[in-house]
Amino acid sequence: MTANHAPRSCPVCGEQLHLTRLACQGCGTELSGDFETCEFCALSSADRQLLKLFLGSRGNLKAMERQLGLSYPTVRARMDSVLGRLGVDAKEGQSESQLGVLQALARGDVDLEQAKARLGA
């Protein structure tokens, strides 16, 4: 059985929806009020699995690359996409130093072309 995900915004005006009612399928108990929503719950199952893998690999995208059998740029793009759906700007607050890029290149986290792009070369 596939779970349905509640929409995050009103289909009429676009404002954020608030969770106001919960129900137990087992006993029929219902609670009403103004509950905090879970932004992770609105993600697809595949997105949640990707985040679970990210946490399990301690944030190591190279490890995710090996486990998923995908290229590093593909894994990074998928993570950036999930972060975007969560409203997290992956670039915000990041000031990548030249030394950081060179260290990532030395570790094998990025290839030469990615390092050049990051350095603006």
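The values are calculated or read from the model by the stated rules, or taken from the named source; none is laboratory data. The structure displayed is predicted, hence computed values, not measured ones. FYI the Cβ positions are ideal-geometry reconstructions off the backbone, even for glycines, and counts take in every protein chain you see.
A few remarks follow.
- For region 54-69, the condition holds for no residue, the condition being that it is within 30 Å of Leu119 (Cα to Cα) and modelled with pLDDT under 85.
- Among residues of region 61-84 that are on the phi < 0 side of the Ramachandran plot and charged (D, E, K, R), those with a beta-carbon under 8 Å from a residue that is surrounded by 14 or more Cβ atoms within 10 Å (Cβ to Cβ) and in a helix (DSSP H, G or I) at least six positions away or on a different chain give the pairs Lys62/Tyr72; Glu65/Tyr72; Glu65/Val75; Arg76/Leu61; Arg78/Leu50.
- If you filter region 11-39 down to residues that are among the hydrophobic types (A, V, I, L, M, F, W, C) and loosely packed, with under 11 Cβ neighbours inside 10 Å, you find that the one that is nearest to Leu83 (Cα to Cα) is Cys38.
- Test: Ala42 is loosely packed, with under 13 Cβ neighbours inside 10 Å, at pLDDT below 90 and of a type outside the set (Lys, Arg): no
- Test: residue in region 92-99 that is under 17 Å from the mean Cα position of the chain (by Cα), surrounded by 10 or more Cβ atoms within 10 Å (Cβ to Cβ) and not hydrophobic (A, V, I, L, M, F, W, C): no
- Any chance Leu51 is surrounded by 12 or more Cβ atoms within 10 Å (Cβ to Cβ) and in contact (Cβ under 8 Å) with a residue 24 or more places away in the chain: yes
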